[in-house]
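Shown next, in structure tokens, is the structure this report addresses.
We did not get these values from a lab; they are worked out from the coordinates using the rules stated. Note that the structure is predicted; figures quoted are calculated from it, not measured. Counting neighbours? That spans all protein chains shown, and the Cβs are built from the backbone with ideal geometry, glycine included.
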């Protein structure tokens, strides 16, 4: 096999992975938390928040599986992790 064929195969594989990732993200349901929102959380997959060097309110995002096994994303506001230092 020549190098051009190997490079073409690698490029094709990379593009397929990107396409599958985009399709998977399209199936994810996004929701913004409001007081009283019913949450059906079976398993938390990841938690992220905006970077903040000081104490204050930041935007956060939790990705989780519900009881049906569907991936969901919840956007919410919280105190930055820096607020917990010294307590």
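With the gyration tensor restricted to C-alpha atoms of the range 36-87, the semi-axes of the equivalent ellipsoid amount to 26, 10, 10 Å, longest first. Label point of residue 83 set 7 angstrom out along Cα-Cβ; within the range 37-64, amide nitrogens under 20 Å from it belong to 37, 47-63.
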